[in-house]
Structure formats: structure tokens, C-alpha cells
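Notes to accompany the following structure.
The values are calculated or read from the model by the stated rules, or taken from the named source; none is laboratory data. As the structure is a computational prediction, the values presented were derived from the model and not from experiment. Please note: Cβ atoms are built from the backbone with ideal geometry, for glycine as well, and neighbour counts cover all protein chains shown.
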Ligand SMILES: Cc1cc2nc3c(=O)[nH]c(=O)nc-3n(C[C@H](O)[C@H](O)[C@H](O)COP(=O)(O)OP(=O)(O)OC[C@H]3O[C@@H](n4cnc5c(N)ncnc54)[C@H](O)[C@@H]3O)c2cc1C
């Protein structure tokens, strides 16, 4: 049996981040990844044709930009091959009536787009960004630390610059905020689409901050993506771990966390190998799968009951294309290429999508889109002059006929989405398609066990699964009922997306318990 200080299960960006901080702090770290490659939902594959580097899951690395990891360049990831690109336009949103709204990196230019619909709404956008400036320090501080109890959060919120207004915003639905602040229907659709990009249903309570945070992050950092593909972040983290004496093994699915005397002492993998951990085991196993791997008897009844209630987050459907030219989107200023395009006709279309989703129906009459062509800014991802294109829609894993039905319908669903998008472009047609690869929500789960029930953000971020309650009330500190076993990843605070915050927060707690700490602050960039 090989011997390590810390064994980390899973090599998604969060657990790699925990491992990197621990390795840099001097611990002997082993990372075991079940898949043949590292990265989890931040990976790259030649899904269509040789030379076409696709991001099967995430592309945008926005939320990680306000993580102290990046803000203070704590691990110097830029020295390990990680370079970010900032598209301009940030994204464009064409509508079926020929109108369009484009977000530009220049705020005045974005406001000019909004003013074409309503000068009042353009002013309301500036006000929204100002309000976010007043709220961001509080929200970022919450996200960058283990969560506080709800009464503490409420007291800090009420004491913010916006005072009770911020409390009201927190408790509202994002749709209420958008309809209160913006009048014109295209403008409302524009703000609803961007607020929806972390896949929380915007009609649910306590989603109000999403109407601010996502749009402000995009306005500031653009639709930021790593040069070379999403995998560049895990690759940089892996290089740091290895440079600090750590080891990463792939095709090592962990089937058992060994618990002796109430303490996690190592793991077993599917091939029968065992790995001992003298100080800690860090898991990024999906929380719903944890009891089967650590042993139900080692968890408290309250912890198990919390996991039994766990609800998945919304799921995505993604069709990947190799194209001979980039899609050109119809805008009021002519057709244009854009790394990112949003498709939402109206707030009614969002309601329709959420209603269909909740009923397990495939309603494709008026789909909501996210279309990404990274090669518009990053030529390294495809052969010269060619493009990678990802067409995403938000469709249920749990179909009325059962999730397996996806295998029968996914190609037709991809055809229908492509046909629905084509009229919003001047050139999207079979003529420019060189190859295609379709991933249903069921395929996402097959690709990565952490995408449990198609959940691409660990689990829903409803109030009962957020903050102090994520993953289970009383256990939001990244510790678990098993001594020496820590949990990170999208199922922990502050949830899914490429934020790196579950990974860094977990590292802070782990290192503190081991008598060490995160690196001292070395500021390089102003806080958001
Ligand atoms: C289609 C899609 C598009 C997305 N787009 C974006 C986007 O543009 N921007 C964004 O911010 N977010 C996006 N997301 C969400 C985001 O990618 C994820 O929330 C995030 O990457 C999760 O990171 P993680 O480190 O917590 O876990 P993961 O990346 O899921 O990694 C977990 C790892 O653990 C491994 N593992 C699990 N169980 C075991 C085991 N028993 N033994 C060994 N290994 C195990 C898995 O194989 C996996 O590699 C998208 C997700 C999807 C599916």
C-alpha cells in the first residue's frame, strides 16, 4: 500500500485546487481521477474531427476571476500555461423580429445598444451596476469563506451600503428584479438570459442577486475563456501539484474510502489498489454517491437524511460542431461573429422553458440557447480557418419516458435546435458543418459521475441547498462526520460553475486543521 499525507478523490478544477494549495504547503499529495483524463467538467476533447479541440462542458471561466486565487495570483497559474482571452463583443442577442442587443466591453457602447430600445433602461443598467458595486464586497466575502448561519448573513446584509434594500433584493426572485428595473421586453429578455447562465430558475425565491452578479461579471471580465480550451486550468493546476512533489493518477475510480476508528485513513480503487492517507482524504465525489463509497454506517443520520433529500440542478443539452466558417449572427448593425450568442425571445419564453422542464417535456417550439464559437478569438482550437461551435439548450434529464429515452431522441433534438438557431444567423446551415457530436443530459452523467442526474452544478442552489445548508446543514465547513474526510466540489458552498471557490475554501479549512494555511496575500488586481 502506498503512503501519502493527503489523498484527493477526483481531478476536477476544485479538487485540483485543494490539492495544489496542499502540495504547495508541503504536504505529500496524491490525486486519483476515475476518468482516463483530468479536468472533469473543465476538459477538452476532439469530439468531432482531429484537430478540433472542443470543451465538452464549461467554456467560460468568469466566476473564478473574482476568486482570490486569480485576484491575488496566489498560485501564479500564468506561469503554468494559463492565459485568458477577453472577447469583444462579450455576447450578442439577436431576436426573431430583426432587433438585437450586444454587450460590449465598453459600458457606454452597451448602454447605447440598450438605449435603442429605451433610454430609461440604459440608465437603469448603470444604476444596477452601481448597486452591485455596493453589494459585491459582501457577496464575495460570503462566497470566499465557509458559510455563516442565515441570521448572520441577514444581519450583515442589512448593515451593507444598501441596507434593507439589499435584504429585499436577496429575498426577491431575479425575474421580479428584472421586471421592476427594466421596462422594454427585449431588454428584459437580455437581462433574464444573462441572469440565467448559472441555471438557477429565475422565478424561485432568493435568486434576486443573480440579476446583478452575472451581468456585472460579464461586463467586467467579458465572456472570458482560456486560450487552448477549458482544460488549460486543470493542466496548470496539475503542473503545480507535480512541481510540488505531488502525483496524479488517472483511470483510478475510487470505490471505497477506508474508515478506521471513525477516521478516514485511505482509499481503494476499482482495480483493487489501496492508497493510505496519514493526514486527510479530500473527496469531490458527488454527495449522492458518497454514502455508498464511505459507508452509510460512518455518516450521522442527520447527514444521511440531508443527502437523501438532495435535488439535482438544471441540466444542459450540448451539440458540438466542427464548422468550416464561424456563424454570423444577425444584428441591427449587420451580421457579425461573436464568441458567445444568447437566445431568449422574451420572458414568456423563459417561463415556457421552465414549465416544460419541470414537467419533463421536450418543448422545442421556442428554445432558449447559448451558442459558443471559441475559435472566433482562439485560433489554436481548430485547423486554420476552421471553427469549433457549441450549441447548448436547457433541457431535462428526467424525461416523462425516463432518462434512457434521450438515446432515441437526442439527434432529432440537435437537428431541431440547429434549425431554430439558423434564422438568427446569415450562414448557419449543413453547408458549413464538417462534423457533429451530440451530448444529452444523460451523456453528461455518463461522462462524469459528478454530473449526477445531468446536474452540471452539483445540485440545485435552492435556499435549502445553499450556503449554510450546502451540502447538509451543520456540515457546510468542508468537513464531514468522518474525521479526516473533507468534501469539496460543486456540491459544497458556493456551488457549481468554474469558480474554484469550493476548492480554495476547502483548502483553507483543511490546511488550518493541519496547522498550515493558504499563501499570504500578494495583491495584484483590485477586488470586484
Ligand atoms: C455542458 C456544460 C457546460 C458548462 N458550462 C460552464 C461554463 O461555461 N462556465 C462555468 O462556470 N461552468 C460551466 N459548467 C459547470 C461547471 O463546468 C461545473 O460546475 C464545474 O466544472 C464543476 O467542477 P468540480 O471541480 O466541482 O467538479 P467536476 O469538474 O465535475 O470534477 C469532478 C471529478 O471527480 C471525478 N470523480 C467523481 N467521482 C469519482 C470517484 N469515485 N473516483 C475518482 N474520481 C471521481 C470525476 O470523474 C471528475 O473528473 C458547465 C457544465 C456543463 C455540464
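Values computed for the structure shown
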quantity: All positions within the range 237-254 that are in contact with a helix residue (DSSP H, G or I) (Cβ under 6 Å, 6 or more places away or on another chain) and surrounded by fewer than 23 Cβ atoms within 10 Å (Cβ to Cβ); calculated: 239, 240, 244, 248
quantity: All positions within the range 306-337 that are within 24 Å of residue 395 (Cα to Cα) and in a loop (DSSP other than H, G, I, E, B); calculated: 309, 310, 311, 312, 313, 314, 316, 327
quantity: Number of the condition not met by residue 271 [criteria: (1) touching a residue at least 24 places away in the same chain (Cβ under 8 Å); (2) assigned to a loop (DSSP other than H, G, I, E, B)]; calculated: (1)
quantity: Members of the range 274-304 that are under 21 Å from residue 12 (Cα atoms) and in a helix (DSSP H, G or I); calculated: 290, 291, 292, 293, 294
quantity: Tally of residues being in contact (Cβ under 8 Å) with a residue 12 or more places away in the chain, within 16 Å of residue 320 (Cβ to Cβ) and part of a helix (DSSP H, G or I) across the range 443-458; calculated: 3
quantity: Residue tally, condition assigned to a loop (DSSP other than H, G, I, E, B) and either in contact with a strand residue (DSSP E or B) (Cβ under 9 Å, 6 or more places away or on another chain) or under 19 Å from residue 388 (Cα atoms) (or both), over the range 400-441; calculated: 5
quantity: Residue within the range 397-411 that is surrounded by 19 or more Cβ atoms within 10 Å (Cβ to Cβ), touching a residue at least 40 places away in the same chain (Cβ under 8 Å) and within 26 Å of residue 49 (Cβ to Cβ) present; calculated: yes
quantity: Any hit, the range 60-73, residues being within 23 Å of residue 236 (Cα to Cα), at pLDDT below 95 and crowded, with 20+ Cβ neighbours inside 10 Å; calculated: yes
quantity: So residue 58, is it over 30 Å from residue 513 (Cα atoms), within 18 Å of the chain's Cα centre (by Cα) and near the ligand (Cβ under 9 Å from one of its atoms); calculated: yes
quantity: Hits in the range 43-55 - residues which are more than 12 Å from the ligand (Cβ to nearest atom) and crowded, with 24+ Cβ neighbours inside 10 Å; calculated: 52
quantity: Hits in the range 223-245 (condition: under 16 Å from the mean Cα position of the chain (by Cα), more than 21 Å from residue 36 (Cα to Cα) and either in a strand (DSSP E or B) or away from the ligand (no atom under 13 Å from the Cβ) (or both)); calculated: 225, 226
quantity: Some residue of the range 394-404 being closer than 30 Å to residue 86 by Cα and outside the structural domain of residue 198 (by TED's automatic domain parsing); calculated: yes
quantity: Residues being surrounded by fewer than 20 Cβ atoms within 10 Å (Cβ to Cβ) and within 16 Å of the ligand (Cβ to nearest atom) - total across the range 74-86; calculated: 3
quantity: Any hit, the range 92-107, residues being assigned to a helix (DSSP H, G or I) and within 28 Å of residue 331 (Cα to Cα); calculated: yes
quantity: Selection count where residues are touching a residue at least 24 places away in the same chain (Cβ under 8 Å), over 18 Å from residue 33 (Cβ atoms) and assigned to a loop (DSSP other than H, G, I, E, B), scope the range 246-268; calculated: 1
quantity: All positions within the range 363-383 that are farther than 18 Å from residue 327 by Cβ and assigned to a loop (DSSP other than H, G, I, E, B); calculated: 363, 364, 365, 366
quantity: Residue in the range 113-120 that is under 20 Å from residue 174 (Cα atoms), surrounded by fewer than 20 Cβ atoms within 10 Å (Cβ to Cβ) and assigned by TED's automatic domain parsing to the domain that holds residue 174 present; calculated: yes
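Rundown of residues vs (1) assigned to a helix (DSSP H, G or I); (2) touching a helix residue (DSSP H, G or I) at 6+ places or on another chain (Cβ under 6 Å); (3) within 7 Å of the ligand (Cβ to nearest atom), yes/no style:
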| residue | (1), (2), (3) |
| --- | --- |
| 6 | no, yes, no |
| 21 | yes, yes, no |
| 34 | no, no, yes |
| 41 | no, no, yes |
